[in-house]
Amino acid sequence: MAKQKINTVRGVKDILPEEALRWTEVERKARDVFARYGYGEIRVPAFERTELFSRGIGDTTDIVTKEMYTFPDKGGDSITLRPEATASICRAYVQNSLYAQAGVAKLFCIGPMFRYERPQAGRYRQFHQIDAEAMGTDDPALDAEVILMLMEFLESVGLTGLSLQLNNIGDAECRPAYSKALLKYLKKETAGMGEEIGERVEKNPLRFLDSKNPEHQEIIARAPTIDKFWNERCRDHLATLCGHLDRAGVRYEKNPALVRGLDYYCLTVFEVTSENLGAQNAVCGGGRYDTLVEELGGPPTPAIGFAVGMERLLQLTEGVDGGKNKRLTVEVFIVALGEGAEAESLTLATALRSRGIRTDRTFGGGSMKSQMKRADRSGARYVLVLGEDEIAKGVISLRDMTESKQEEISRGEVENYLASRLLQD
Ligand code: HAM
């Protein structure tokens, strides 16, 4: 009886070769753009002590209360698969004393993140982020530079029709008054919605503004917004940032209702959304987190960053680059008939590959007809046929599949011949 097959768990997916090429292309563009802004790559572990995230992201956030993959390891430590990269990068910054270097530390990280969310279009349990963080100053010019770099990257991969939403969510001085006013409003509006909502509102009123529940939207729309509570510093920070963005020609929309789902933010927050993404419309989220490094045991280090969701970005670029990627198709395919020819096929393939020519061959023999079928399916432009006859004569039959032409070439010539044809294309 056939064994039952084993599929992936819910909310995760395989990235097959054709798609993986689009991934590496996007990653390459990110590396190019980020390098121009002076960012270096950091690779942080996929799992950390649970405490890093509960302290860093916030005990009452959805991520920490509901979405983390947390488990005790065999030594009894509580481990969590990283749900985002910012907390890990801050930990690495502190642990490796990166603050000892002069100037702003600029780091980026690309990799998988894990959140136990309800899977739906654009929302996965393992997803990937391109994350950039700049640490060491609260100068709004850094906010502007980070946003500029983000928009340049998104443009470089061909994204258009994006909306950049910008807000300032206050600082430790002005946010408490806002939270208080919001709590008062929400308590009144959500009375009768049940104990759970009541408790959630009480614990963290700002979180309610992030609710996607359709029944909450009207209450959210009428809720007080932070702009009425900004102190001078917050108002100035946003105004200076907007001035920089205006001068750089970056289009943005001020959205005083924008809040983020992680607690470490202060001052600048932003999201990039696209109408073409449906309900999960944010392709990127980011903002300032001036106290997180200190919270994690480091020196006071104001910082700002963002993370782009790869899956959503790739969904938006579908069709932008179009067409089958050439690199997945070999250029030369070798058909070998007989034992001697098979042995020669390996030598020939190795020689062509070492010249940079993408080469494949048949395995396991078979008739001329069946091998030619495989050659045809490979998409190769040139097919080399090696039989006992050819070996004896010291030649190779070369078929040009696009022109349906066949010619005999001496074995000694074939590598140069193909290299001159293919490497100039
Ligand atoms: P975030 O808004 O939680 O922020 O995530 C950033 C982006 O990751 C989202 O805009 C979305 O594109 C993608 N994303 C999040 N969750 C999922 C999911 N379940 N499936 C697919 N894509 C998803 C952060 O993670 C912050 N660490 C960003 C940041 C960096 N702030 C400062 N520095």
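Scanning the range 120-149 for residues that are part of a loop (DSSP other than H, G, I, E, B) and either among the charged types (D, E, K, R) or more than 8 Å from the ligand (Cβ to nearest atom) (or both) turns up Ala121, Arg125, Gly136, Thr137, Asp138, Asp139.
Note on the range 326-367: residues that are part of a helix (DSSP H, G or I), touching a residue at least 24 places away in the same chain (Cβ under 8 Å) and buried (at least 18 other Cβ atoms within 10 Å of the Cβ) total 5.
Residue selection: Gly305 satisfies the criterion of being among the small types (Gly, Ala, Ser), crowded, with 21+ Cβ neighbours inside 10 Å and not in a helix (DSSP H, G or I). Could you go through the range 373-387 and let me know if any residue there is surrounded by 13 or more Cβ atoms within 10 Å (Cβ to Cβ), modelled with pLDDT under 95, among the β-branched types (Val, Ile, Thr) and touching a helix residue (DSSP H, G or I) at 6+ places or on another chain (Cβ under 6 Å). No, the range 373-387 contains no residue that is surrounded by 13 or more Cβ atoms within 10 Å (Cβ to Cβ), modelled with pLDDT under 95, among the β-branched types (Val, Ile, Thr) and touching a helix residue (DSSP H, G or I) at 6+ places or on another chain (Cβ under 6 Å).
When the range 392-404 is filtered for residues that are in a strand (DSSP E or B) and more than 20 Å from Thr329 (Cα to Cα), the ones remaining, listed by number, are Val395, Ile396, Ser397. Residue count for the range 185-201 under the criterion of being touching a helix residue (DSSP H, G or I) at 6+ places or on another chain (Cβ under 7 Å) and not small (Gly, Ala, Ser): the result is 7.
For the range 315-330, the condition of being at pLDDT 95 or above and either touching a Phe, Trp or Tyr at 6+ places or on another chain (Cβ under 7 Å) or not β-branched (Val, Ile, Thr) (or both) holds for none of the residues.
A Cβ distance below 7 Å, combined with a sequence gap of six or more or placement on separate chains, defines the contacts here; from the range 76-100, residues that are at negative phi reach residues that are of a type in the set (Asp, Glu) and more than 16 Å from the ligand (Cβ to nearest atom) in the pairs Ile79/Asp73.
Does Thr60 satisfy the condition of being modelled with pLDDT under 95 and within 16 Å of the ligand (Cβ to nearest atom)? For Thr60, the condition - modelled with pLDDT under 95 and within 16 Å of the ligand (Cβ to nearest atom) - is met. Residues that are buried (at least 19 other Cβ atoms within 10 Å of the Cβ) and without any contact (Cβ under 8 Å) to a residue 40 or more places away in the chain within the range 134-189 comprise just one, Leu186. Of all residue pairs spaced 6 or more apart or on separate chains, those with beta-carbon atoms under 8 Å, a first member in the range 111-122 that is more than 16 Å from Gly261 (Cα to Cα) and a second member that is among the aliphatic types (A, V, I, L, M) and surrounded by fewer than 17 Cβ atoms within 10 Å (Cβ to Cβ) are Gly111/Ala46; Pro112/Ala46; Gln120/Ala279; Ala121/Ala279; Gly122/Ala279.
Figure legend. Inter-residue proximity from the range 15-26: first residues part of a helix (DSSP H, G or I), second residues charged (D, E, K, R) and at pLDDT below 95, beta-carbon distance below 9 Å, spacing 6+ or different chains. Indicated pairs: Glu18/Lys324; Leu21/Arg327; Arg22/Glu318; Arg22/Asp321; Glu25/Asp321.
The values are calculated or read from the model by the stated rules, or taken from the named source; none is laboratory data. Treat the numbers as computed from the prediction; the structure is a model and nothing was measured. All Cβ positions, glycine included, derive from the backbone under ideal geometry; neighbour counts span all protein chains shown.
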